[in-house]
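The values are calculated or read from the model by the stated rules, or taken from the named source; none is laboratory data. Please read all numbers here as calculations on a predicted model, not as lab measurements. Here Cβ is always computed from backbone atoms with ideal geometry, including for glycine, and neighbour counts include all displayed protein chains.
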Amino acid sequence: MCGTLARDLVTTVDSLRDIYTQFGLRPYVVSLIKTRWSGGKRGQGVESLIGNPITLLPTPKISDMSAVAEIVTPVGLDEFGSIMLSEVSGSYTEDFLRGADDEGRPPSIDEQFYFEIEFPPACAGGNGDRRRFLMSAAPMYFPDKFQWNLRLERARQDRTRNGDVR
């Protein structure tokens, strides 16, 4: 609802939420990633990055990474599970959070859109492990909290620590 007091306060609330990041209380980065597959369909061919990752700011709150568990599979350890991202800025639109283009069209059949969470090594600098997540439920907007809540499901294949697509 454009033009409402609640909508006008989103920027102020975002500034207050950013204090968590400034104090180091959210020591991770949440990014939106879009890739394209060379084979004409998702999962076929070689995956390559489209544009630059977009960092969500202020940094959203991750609820309970312990819900992502390591499971022994025939090929080794793998992670499964879901997380909740809350305190996602109310300045974003649902189309944006779903990876739609400027005209509101969803990613094409040869494109992949996902969320990536990176936990950089504490005080050491450099890049940390990157984990890929897909939205697993409709995003919920809470105007009284000036935020979106997103349910994300763990997905594969993660990008490398230096950001290359595998």
Tally, over the range 87-104, of residues that are of a type in the set (D, E) and in contact (Cβ under 8 Å) with a residue 24 or more places away in the chain: 2
Which numbered condition F96 fails, given (1) out of contact with any Lys or Arg (no Cβ under 7 Å at 6 or more places or on another chain); (2) modelled with pLDDT under 95: (2)
Every residue from the range 107-145 that is within 22 Å of M65 (Cβ to Cβ), among the acidic types (D, E) and in contact with a Ser or Thr (Cβ under 9 Å, 6 or more places away or on another chain): E116, E118
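State whether the residues of the range 42-56 include one that is charged (D, E, K, R), part of a strand (DSSP E or B) and surrounded by 15 or more Cβ atoms within 10 Å (Cβ to Cβ). Quick ask: steps written out before the conclusion?
Let us first name the residues in the range 42-56 that are charged (D, E, K, R), namely 42, 47.
If we keep only those that are part of a strand (DSSP E or B) as well, we get 47.
Filter once more, so that each one left must be surrounded by 15 or more Cβ atoms within 10 Å (Cβ to Cβ): 47.
Yes, the range 42-56 contains at least one residue that is charged (D, E, K, R), part of a strand (DSSP E or B) and surrounded by 15 or more Cβ atoms within 10 Å (Cβ to Cβ).
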Selected residue (criterion: surrounded by the fewest Cβ atoms within 10 Å (Cβ to Cβ)) from residues of the range 58-102 that are β-branched (V, I, T) and not in a strand (DSSP E or B): V75
Test for I50: is it of a type in the set (A, V, I, L, M) and under 15 Å from the mean Cα position of the chain (by Cα): no
Given (1) modelled with pLDDT of 95 or more; (2) within 16 Å of P143 (Cα to Cα), index of the condition S15 fails: (2)
Single condition A6 does not satisfy, out of (1) within 18 Å of M135 (Cβ to Cβ); (2) modelled with pLDDT under 95: (1)
Unmet requirement for A138, which otherwise passes all of (1) surrounded by 15 or more Cβ atoms within 10 Å (Cβ to Cβ); (2) at pLDDT 95 or above; (3) among the aliphatic types (A, V, I, L, M): (1)
